[in-house]
Amino acid sequence: MRVLFVPVSAARGFGEYARAREIARAVQYRWPDAQLHFVLSAQAPYAAQCPFPVTLLPGSATLHTPQVVALLRSFQPQLVIFDNAGRTAQIRAARAGGARVVYVSSRNRQRRKAFRLSWMRLLSEHWIAYPSFIAGELGGWERLKLKMLGGPRVRFVDTVLPAGPAVTDAAAAGAADFVLVVPGGGTAHPGARAAPQIISAAAAGLAAIGLRTVLVGAVDAATDAALLTRLPLLPQPQLIDLMRRARIVVSNGGDTLLQALACGCACVAVPIARDQAARIARCRDLRLIKDAPLVVASIIDAVASLHANADERMALITHGRAAGVKDAMPQILEWLDALLADGSTA
């Protein structure tokens, strides 16, 4: 089994790579002999730590078609997963080499690309990241195109949690009465370049008012408090274990938010990128989360209020469970198994 992962990657942003990495780990866990390979930008801060063989490009794979096509011809994957990345020529080359192709879209622009007729004829499956109540159900035009062409198969992927055993972090083990602040990859985004510093200051402020706080990823040495534990970016199993034990999770509005909901957490969500505000607003309107703007005092107030109100926390958790956000990893492995089996007989 040879699988190529092509997530969008750059100097900022982490979610697409993190999703691809966890899927790759789950594939490796289930099929230990699988040959897995990544295509990443050399500018990405996580590129050097990728746990799988990787081809590094000067920028995102979308911008380097000749190199991606050359890799497709040399590696000869049976399956290629493009996550918000890729060009028509790359997808066409993958199919010409006999690979099944999955495209993951998490933004409206990428979703529209995947519903172009030229792409629909090439894709084996189109996975829409986030639950349908956030991403939006299939529209009439999308359904008509699918009916006309008979495919590709479209699936909604709520979120993915790591496969395999959990690993507990000793630094935050013990009582569950702590606030976990986990804003994501820790890099600044356009329009919110001060986000890592704001999140760090909010975590320090929470500790200063007496709330035991664990800050993951957005490490700022200038923030210090007796009740504040600062941790680097953690392996996903360790992070998910902390989420499940925290009283409150402070997250961004990306994949971390959906992971927190899938874990049954009471969550305060803060937008740290432009595409996150609408997602957070939708979850707030459905009473799944409490939200706060990217302002230190507002984050502290929202968390302190929720921390003091057990009924509000339970209401958020209850609504979150009713929304049915689930870990899609078991289904993803079944989908991949079916795709590979279909490819072997095609």
message: Out of everything in the range 91-108 that is out of contact with any Lys or Arg (no Cβ under 8 Å at 6 or more places or on another chain), open to solvent by 20 Å² or more (accessible area, probe 1.4 Å) and at pLDDT 95 or above, what residue ends up being nearest to ASP158 (Cα to Cα)?
response: ARG100
- prompt: Name the residues in the range 1-15 that are more than 17 Å from GLY217 (Cα to Cα) and either of a type in the set (Lys, Arg) or open to solvent by less than 20 Å² (accessible area, probe 1.4 Å) (or both), would you?
  reply: ARG2, VAL3, LEU4, PHE5, VAL6, PRO7, SER9
- prompt: In this structure, is GLU16 modelled with pLDDT of 95 or more, among the acidic types (Asp, Glu) and at negative phi?
  reply: no
query: Can you pull out the helices (runs of 4 or more DSSP H) entirely within the range 239-345 that have at least 3 residues that are surrounded by fewer than 22 Cβ atoms within 10 Å (Cβ to Cβ)?
result: 277-285, 296-307, 310-323, 329-345
query: Could you list, in sequence order, the residues of the range 216-226 that are in contact with a strand residue (DSSP E or B) (Cβ under 6 Å, 6 or more places away or on another chain) and either at pLDDT 95 or above or surrounded by fewer than 18 Cβ atoms within 10 Å (Cβ to Cβ) (or both)?
result: VAL219
field: Residue list for the range 133-147, restricted to those being open to solvent by less than 40 Å² (accessible area, probe 1.4 Å) and in contact (Cβ under 8 Å) with a residue 24 or more places away in the chain
entry: ILE134, ALA135, GLU142, LYS145, LEU146
- request: With the condition kept exactly as written, say whether any residue in the range 162-183 is within 23 Å of ALA323 (Cβ to Cβ), open to solvent by 20 Å² or more (accessible area, probe 1.4 Å), modelled with pLDDT of 95 or more and in contact with a helix residue (DSSP H, G or I) (Cβ under 6 Å, 6 or more places away or on another chain).
  value: no
- prompt: Which residue out of ALA26, ALA61, ALA42, ALA18 is over 29 Å from GLU334 (Cβ atoms) and hydrophobic (A, V, I, L, M, F, W, C)?
  reply: ALA42
field: Residue in the range 59-66 that is in contact with a Leu (Cβ under 9 Å, 6 or more places away or on another chain), more than 20 Å from VAL160 (Cα to Cα) and buried (at least 22 other Cβ atoms within 10 Å of the Cβ) present
entry: yes
- request: Identify, from the list ALA85, ALA20, ALA48, the residue that is under 29 Å from GLY253 (Cβ atoms) and surrounded by fewer than 20 Cβ atoms within 10 Å (Cβ to Cβ).
  value: ALA48
message: Checking the condition of a type outside the set (Ser, Thr, Tyr) and assigned to a loop (DSSP other than H, G, I, E, B), which residue from PHE5, PHE52, PHE82, PHE38 passes?
response: PHE52
- prompt: In this structure, is ARG244 basic (Lys, Arg) and in contact with a Pro (Cβ under 9 Å, 6 or more places away or on another chain)?
  reply: no
- line: Taking the range 114-132 and keeping residues farther than 16 Å from GLY151 by Cβ and open to solvent by 10 Å² or more (accessible area, probe 1.4 Å) leaves TYR130, SER132
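The values are calculated or read from the model by the stated rules, or taken from the named source; none is laboratory data. Just so it is clear, the structure is predicted and the values come from calculations on it, not from any experiment. Cβ coordinates were reconstructed from backbone atoms using ideal geometry, including for glycine residues, and neighbour counts include every protein chain displayed. We work out accessible area using only protein heavy atoms, side chains counted, and drop any ligands, DNA or RNA first. Shrake-Rupley method; radii C 1.70, N 1.55, O 1.52, S 1.80 Å.
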